[in-house]
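Some notes on the structure that comes next.
Bear in mind these aren't lab numbers, they're just calculated from the coordinates by the rules spelled out. Being a predicted model, the structure only gives us computed values, none of them experimental. Backbone-built Cβ (ideal geometry, glycine too); neighbour counts: all protein chains shown.
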Amino acid sequence: MWRIGRFEFCPARQKLWCDGETIALEPMAAELLAYFCTQPNRTVSKDELIDQVWQGRVVTDNAISRLVTKLRKALGDDPRQPEFIATLPKKGYSFIARAERIEESVTMPATEPEPDLPTQQKRNITAMLMLLPVLIVALLWQFLPTENRQTFTSVKALTSDKGTASFPQLSPSGDRLLYTIHHEGKVRQFLKRVSDQQLIEISHGEDLGVGPAKWRDDGRQIVYLAASPSRCEYYVRDLDGMQLSEPQLIHQCPAGSYGIISYTHKPAELVFTATNGDGAPYLLYRLNLNSQQVERLNQPQAVLAGNSQFDLHPVENKLLISSPDQQQWEGFYQLDLNSNILTLLFKQNAYVCCGIWSQDGEHVVVTGEHPTYQLSEFSLDGDKTNTLFSGPLILSWPQRHSNGRDYLFTGGQNYYNSQLYSLNDAISAAVFTSSTDDRLAHFAPQSERIAFVSQRSGNEEIWLADSAAATPRKLTHFSDSRHYIDLVWSPDDRQLAGLTLNQIHLIDTGNGATQVLDLPEAEIRGLSFKDAHTLAFSLKTQTNWQLYFYDLQEKALQKAPHTWQFARFSSHPDDSLWLDQQGNLYVGAQPQLVADPVLRTAHFTDGRQLNLIKQGKHWYWQSGYPDYQFYHYNQDNDDVSTLFNATTNGFDVRGGYLLFSKLVQQNANIYSTESAR
């Protein structure tokens, strides 16, 4: 053990103690702190940390910075005035706290000679002492985090393809792997034999993306999605080893639906998700293959994307459904497929997604909060948690391994860069060079500045650059795992408004001071500034969206006339846009109906963000998933031009340039944990 200032640290137990409080560390954070303790007051380079802490594994500078940030948070260390870990620019780190080794021992208090007690009292005390260990064990089981749950320290790659691999599914025998690859705007489904790496693509021609796929319990049949913007179909195919039968169409879903489908533990019963399109949430359905009957299942109220994520219990015929509520808390629900009874297990006010049942079916496994570098396990009441795995890769799409012990997941280092596209030259280039996420870049209305969200410092912060050619600087100094979905400037350049899952943050562009607006926790869309002192955004009311205004000076929320569901305000009043409850588009400070048929096809919103920009006679918008195609419409010559495909939504336009985020494609592969046998 170590004594580090006011802390005591046990590397083996991966815990810190301070003033009676126990702080659990991630495995890699404990290893990093243990190494720092042995290297006090000297410069430790990142290369040295990779060699000594990560044992030479491939890891990015950003992953090291994130782990140092987490360790500082556990120690309560301010990087601007450090007590423990000092950053040495371009050199590495120095552990500046005093660390001394101590023995892990328990000191028992001295005892007085025991007075002579009556025989019956001695018997009572003896009985109590005999029961004491049982009571202690019961209390520990009830109140302390689970200590004996499995953790994993190593993983192995199962794929090495170009693109992003996801939705891994091992056959029940473990000899074949199903997974999808998303590459260059195309979704493809593959079947791989593990022993010799033989690979087969499950294809339905160039027009349809294929996947994800699932195994039947006996491993002799698979079911999968084949879809495009105009088609949505579910198929089954029999398998004999690597030999596939001809596809059999079992269900046609609404066009524009990109759901998932799974067998239940009943051979002729499947569960799938589908949406009716036009931004409607996904819902859960049951399909009987014998009768072809489709039944809508009992499920949580559909919010945001709805009930698009579910997992079948390893042995019982019940689902785990991951679904956000109206306050944007992620809820984890159990649905008994035999009785159709839905039960809420627990909720989290965190940016997490896509829970699955643990291998024993008694816990919920999720990837950690954004950014997702760990795999975590929760008890079914959400009270106890355990880190299963933590590493340098961004994790997603966890699945159970068929061996009953391990887990599969997608791991990679994909990140977004801000790009500047010249509308005159039709070429684009990175605005800022970075190997970390740079997102949500927006032009300032009154200056050349650009604001964006970046993970350059290890967690999400707001950054500013004085121009597209300038070196950006960090504006904010957060110490949490907040995740921004949208970012907008005020008309006077003095403030930024950032939208999280269920809050709006107001950020001073001069000093980075941040305040959270006093609003109900709810799904918020379509953020913009009406003027320098008024924010506009939309809230869901029953079945409709409703436009609201928030007075920043009076701190008062006001409902706009019921006519309006969304609005996008511009520093040029003639370019302000409105959308009424019937989906009609209006323009101007005093809204005038837009009758142009071309603009009726433009999406006013895409997810949480506004998606249509007007600049005089020029209009810009973007299609949705999977193409994210940019369009430019010139009303003077009635010309609609297709600009280019992007990899995500969100953009800004100014002075002949379009600012957007581009996924810098690094391969994300399928990994498996490696448990001790």
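Taking only Cα atoms, what is the 0 to 90° angle, nearest 10, from helix 61-75's long axis to the longest principal axis of the chain?
Taking the Cα atoms of the chain, the angle to 61-75 is about 50 degrees.
Less than 19 Å from a label point 7 Å out along the Cα-to-Cβ axis of residue 173: which backbone N atoms in the range 212-245 qualify, by residue?
214-223, 237-245
Run the reach check for residue 156 against aspartates and glutamates, Cα to Cα strictly under 17 Å, same-chain hits fewer than 8 apart removed. What comes back?
Within the straight-line limit of under 17 Å, residue 156 reaches these aspartates and glutamates: 175, 196, 406, 674.
Distance cut-off 23 Å, Cα to Cα: go down the list 474/540; 162/186; 192/266; 530/555 and report the pairs above it. It would help to have the intermediate numbers written out before the result.
Working: 474/540 34 Å; 162/186 12 Å; 192/266 26 Å; 530/555 15 Å.
Pairs exceeding the cut-off: 474/540; 192/266.
Helix 119-143: angle to the longest alpha-carbon principal axis of the chain, degrees 0 to 90, nearest 10?
Around 20 degrees separate the two axes.
For residue 363, which sequence-distant residues (separation of 5 or more, or a different chain) have an amide H within less than 5 Å of its own amide H, given hydrogens modelled in the peptide plane?
Result for residue 363 returns 358.
Report the charge-dipole magnitude of the range 309-412 in Debye, nearest 20, computed about the Cα centre from +1 at each Lys and Arg Cβ and -1 at each Asp and Glu Cβ.
Values: 5 positive and 12 negative charges, 38 e Å.
Result for the range 309-412 is approximately 180 debye, rounded to the nearest 20.
With charges set only on the Cβ (+1 for Lys and Arg, -1 for Asp and Glu), what does the dipole of the range 415-664 come to about its Cα centre, in debye to the nearest 20?
Once rounded to the nearest 20, the dipole reads 260 debye.
Search the structure for amide H atoms under 5 Å from the amide H of residue 352, placed 1.01 Å from N in the peptide plane, and list their residues when 5 or more places away or on another chain.
none
In whole Å, what is the distance between the alpha-carbon centres of the range 475-508 and the range 567-624?
When both Cα centres are located, 23 Å separates them.
Taking the Cα centre of the chain as origin and charging only Cβ (+1 Lys, Arg; -1 Asp, Glu), how large is the dipole, in debye to the nearest 20? Numbers along the way, then the final one.
Values: 59 positive and 76 negative charges, 134 e Å.
Using only the charged Cβ atoms, the result is roughly 640 debye.
Please order 454, 160, 166 by the number of other Cβ within 10 Å, starting at the fewest. Please report the intermediate quantities before stating the final value.
On the way: 454 24, 160 10, 166 21.
Exposure proxy ranking, most exposed first: 160, 166, 454.
Once you measure Cβ to Cβ distances between cysteines in the chain, which Cys have no partner under 4.7 Å?
Lone cysteines by the Cβ rule: 10, 18, 37.
Once phi is turned into θ = phi - 60°, what whole-Hz ³J(HN,Hα) does the Karplus curve with 6.51, -1.76 and 1.60 give for every residue of the range 627-635, x standing for Gly and Pro?
These are the phi-based 3J(HN,Hα) values: 8, 6, 6, 8, 10, 10, 10, 9, 5 Hz.
Just report the Cα centroid separation between the range 280-324 and the range 1-51, whole Å.
44
Summing -39500 (n - 2.57) over the DSSP H runs of n ≥ 4 in the chain and dividing by its residue number, what mean residue ellipticity at 222 nm do you reach, to the nearest 500 deg cm²/dmol? Intermediate values should be presented prior to the final figure.
Working: 4 runs with 58 residues, N = 677.
Taking each H run of at least 4 residues, the total per residue is -3000 deg cm²/dmol.
Under the rule a/c < 1.5 gives rounded, and otherwise a/b versus b/c splits prolate from oblate, where does the range 2-101 land using the Cα gyration tensor?
Details: a/c = 1.65, a/b = 1.35, b/c = 1.22.
It comes out prolate by the Cα gyration axes.
As a footprinting exposure proxy, order 266, 214, 46 by other Cβ within 10 Å, with the fewest listed first.
Details: 266 14, 214 20, 46 17.
So the residues, fewest neighbours to most, are 266, 46, 214.
What is the gain in length, in nm to one decimal, between residue 156 and residue 543 on full extension, counting 0.36 nm per residue of separation less the C-alpha to C-alpha distance?
Full extension from residue 156 to residue 543 adds 134.7 nm.
Picking from 519, 650, 535, whose Cα lies most toward the positive end of the charge dipole for the chain (charges on Cβ: Lys, Arg +1; Asp, Glu -1)?
Toward the positive end, the furthest listed residue is 650.
Is the range 159-228 rounded, prolate or oblate when judged by the Cα gyration tensor, a ≥ b ≥ c being the square roots of its eigenvalues, rounded requiring a/c under 1.5 and prolate requiring a/b larger than b/c? It would help to have the intermediate numbers written out before the result.
Numbers: a/c = 2.15, a/b = 1.37, b/c = 1.57.
Oblate, because a/c is 1.5 or more while a/b does not exceed b/c.
Label residue 563 and residue 447 with points 7 Å out from Cα along Cα→Cβ: what is the distance between them in nm?
3.7
What ranking do 1, 242, 28 get, fewest neighbouring Cβ atoms within 10 angstrom at the top?
Lowest count first: 242, 1, 28.
May I ask which residue of 38, 407, 182 lies farthest towards the positive end of the charge dipole of the chain, with charges of +1 (Lys, Arg) and -1 (Asp, Glu) on Cβ and the Cα centre as origin?
38
Would you list, by chain and number, the lysines whose Cα falls below 16 Å from the Cα of residue 347, excluding same-chain residues fewer than 8 positions away?
384
Choose one of 476, 588, 20: the residue whose Cα lies farthest towards the positive end of the charge dipole of the chain (beta-carbon charges +1 Lys, Arg; -1 Asp, Glu; about the Cα centre).
Towards the positive end, the residue furthest out is 20.
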